[in-house]
Structure formats: structure tokens, C-alpha cells
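Any read-out appearing in this document is the output of simple, stated calculations on the displayed coordinates, not a laboratory observation. Just so you know, these numbers come straight off a predicted model, no measurement behind them. Neighbour counts are summed over all protein chains in view; Cβ atoms, including those assigned to glycine, are modelled from backbone coordinates with ideal geometry.
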């Protein structure tokens with residue numbers, strides 16, 4: 001089931017800009033129309049030579065991959081100055097000062113100063129990083145360069161850090177699937193306008209639509225402060241909150257229109273080996289709690305702040321994940337003081353469950369309302385000198401479940417205090433962050449075939 005099945009709009013020419021995939025090159029057709037951008041050659045040997053020459057051995061060449069004209073010598077071009085001659089290979093780079101052996105240096109990048117190559121991370125669980133470590137990494141990655149999508153064309157690792165999308169190709173594939181709906185963004189209005197937000201204040205954004213979406217992804221992935229995002233993108237703080245509001249509304253509408261609940265028989269076809277002992281598992285349920293900034297006392301109808309409990313500044317929601325990793329259920333948010341059993345009854349999950357369905361939950365999860373279902377509570381086992389085959393399988397299932405849940409909670413947005421400017425859109429932000437997990441890790445294609 002495709003997004004196109006739900007919306008049909010006349011395509012507007014917002015343009016999909018081309019970006020150079022060579023490391024340390026910021027070239028983009030958005031900023032420089034004099035450059036030409038070249039696809040990788042279809043010949044396998046020549047394509048391999050290109051990949052080795054640009055020093056991206058692990059590059060997965062896609063239809064979006066381009067190398068800009070800065071990396072070719074003048075002799076590589078045909079008479080029109082834009083088409084490459086057969087057999088041309090990029091040889092001019094930042095690391096060789098844009099020169100060839102025995103030759104002289106040619107014009108290098110003009111978008112910003114050179115930076116030292118960034119060592120790739122070996123771990124992707126950014127939720128474990130401290131705020132100081134995140135700020136230091138952001139500073140190293142963005143120093144001296146214009147911030148926008150073109151910054152990530154050459155590094156999937158950097159892209160994952162800032163957006164949680166596993167690769168540039170996955171992000172561009174997601175953008176392609178929603179780009180024709182972008183005109184809808186301009187008509188999106190905040191559905192929760194109130195005195196806590198400043199979205200009625202006009203603000204001007206100089207960003208292209210794809211970079212506005214990138215800003216929202218940055219916010220969800222890193223939980224960045226609004227002022228930090230304003231500095232990074234070179235816009236006003238009020239514009240940041242408006243961009244986050246309108247894009248969270250837009251993605252909430254588009255992604256929320258896709259039926260994500262997967263029938264039992266379809267789940268069986270994609271059941272991981274770790275679930276051999278739990279073959280009828282349909283959904284793994286988890287809870288999410290969000291904190292928001294305490295409103296000023298003047299907005300609390302005269303209530304004394306000293307009497308407010310911590311739960312008055314928290315919200316909680318229920319989400320579900322299929323055994324193969326797709327997010328298949330997201331409830332609305334409820335007050336933090338609500339009991340878990342009430343959360344289950346009001347979330348809507350009971351309408352989707354049928355007698356005999358397997359439901360996997362954590363230890364201590366209230367299951368009275370799930371009594372007609374088969375309840376599984378696998379737990380990590382203590383190390384033993386000897387473990388039965390069943391014990392081993394239960395441990396593997398537990399590890400697998402922890403991994404699936406952590407992919408949703410890996411968005412640092414969930415760990416931050418939501419500012420008052422975004423309080424009216426907190427439900428949309430929470431839902432979008434959960435649903436994006438299906439697209440960030442390449443699950444969209446599998447999910448579309450399932451629903």
C-alpha cells in the first residue's frame with residue numbers, strides 16, 4: 001500500500017537537487033548551477049574504478065548517486081564542456097589538493113574550508129551519548145560548512161547520526177515517496193493553536209522543503225534545542241518552531257493515513273528465527289513516556305505550582321512492533337498519571353486483538369485486559385554453566401525484542417523536555433517519530449507488501 005494511494009496532487013516544481021557523493025565535497029545543484037553532476041557508469045569495471053578513486057569502498061551506488069564536475073580534469077569533457085568522454089575517471093579531490101601527479105592544482109570547493117576526515121562510528125545507539133558528546137560531534141561535523149542535505153551526500157554515517165535514516169539512499173527514497181505531496185505543507189495549520197505557542201507570529205524560512213524536513217528529522221533524532229537548530233540552519237528561532245509544527249502535521253497526516261497493522265498470516269511469513277518458540281506473536285507492546293515544559297502559573301487557572309505532581313508534566317503512550325521490526329501500532333498520548341491498565345483500554349489496541357493472538361510484553365505489564373490473548377513475557381536469563389535449548393531461544397528472543405524497542409526509543413526527542421512552543425504538537429511529534437522507524441531502517445518496502 002503506497003502513500004500515493006491516499007493522495008493525488010498536481011506535482012509542483014520544488015526540485016530534487018543533485019548532490020556530490022565524494023567525501024569532503026559540498027557541491028549541490030541547489031547552490032551552483034554551473035557544475036554538472038554525473039551518474040556512475042553502467043560498466044561494472046569502470047564503476048568500480050570510480051568508487052575506488054573517490055575512496056568510498058562501501059558505497060552502494062543508487063540512482064541518486066552523483067559525482068560533480070569538480071573532480072574531473074578538463075580533458076575528461078566533450079566539446080560541450082558538460083558531457084564526460086567515455087572512460088573518464090574522477091581524479092581531483094580535497095585530499096590531493098585538486099591536482100594530479102605532475103600537474104597543477106585546479107579550483108577546489110568554494111562552499112567552505114576543508115575539514116579533517118571524520119572517523120566513522122562503530123556504534124549507532126546515540127541515545128547512550130551524553131549531551132556534551134553530541135554537541136562536540138555536531139561541531140566537528142558542521143564546522144565551516146553550510147548545513148543542509150548536501151552535507152550528508154558523502155557520508156551515510158553522518159546522516160544516520162543526524163536523522164536516524166540508515167543511508168542517504170533510504171532518505172532520498174522516502175523523500176521521493178512524499179515529494180509530490182509537499183504542496184500540502186503550505187496549507188498545513190497548527191491544529192492546536194493556543195497561548196502556549198508562538199506559531200501565530202510570522203517567521204520567514206529561507207530553507208528548501210527538503211531541508212525543512214531535514215530540520216524536523218534533526219530535532220527528533222537529537223532532541224536539539226530550538227535555538228541550536230536556528231543557529232545551525234541560519235534562521236530565526238520562531239521559524240524553527242513553525243517548521244517543526246507544519247512538518248510534523250504534514251507527516252502525521254501522510255504517514256498516519258497508511259494502515260500499519262499487519263494481519264497474522266502476513267506476520268508468519270516474515271517471522272524471525274528468534275521467535276520459533278513464540279510463533280503466534282502478532283505484536284510486541286511497549287510504553288513511551290514524554291516530558292514537557294511546565295507551563296507558567298498564569299496559564300494554570302490559578303493552580304499553585306507547588307501542588308503540581310511530576311505526572312502533570314509527563315505524557316505516556318502505547319506502541320506496538322511486529323516481530324520482524326515494523327511499528328504496527330501507535331496510540332495517542334495520555335496524561336502521565338494514567339494507570340497502565342487504563343492506558344491499554346483507552347489506547348485502541350484491544351480493538352485489533354483477537355482471542356488466541358500472541359502478545360509479547362515486558363515483565364510487570366498489566367495483562368488482565370489481554371486475558372483472551374496468549375501472553376509472552378520473555379526475560380533475560382542469568383548466566384548459567386549449562387542452558388537448555390529453550391533457555392537459549394528465550395534469551396535470543398529477549399535480545400531481539402530489546403533491539404526492536406530500542407530502535408523506536410533511539411530518537412533522543414523522547415529523552416528531552418518538550419518546549420512550550422511545541423506543546424500543541426506533541427502528539428504529532430510522538431506519532432511521527434514512532435512511524436519514521438519503518439522508513440529509517442529500510443522496512444518500508446516489506447511493510448508495504450504486508451499491509
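Can you put 337, 238, 206, 27 in order of Cβ neighbours within 10 angstrom, beginning with the fewest? Could the numbers behind the result be given before it?
Values: 337 13, 238 18, 206 10, 27 26.
Going from least to most buried by this count: 206, 337, 238, 27.
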> Taking the Cα centre of each part, how many Å lie between segment 419-439 and segment 49-101?
Replying inline: 41 Å
> Tell me, 314, 176, 281 in order of fewest to most beta-carbon neighbours within 10 Å?
Replying inline: 176, 314, 281
>> With the crude spin-label approximation of a point 7 Å out along Cα→Cβ, what separation in nm comes out for residue 48 versus residue 63?
In response: 2.6 nm
> Given a Förster radius of 30 Å and the C-beta distance between residue 228 and residue 403 as r, what FRET efficiency does 1/(1 + (r/R0)^6) yield to the nearest 0.05?
Replying inline: 0.50
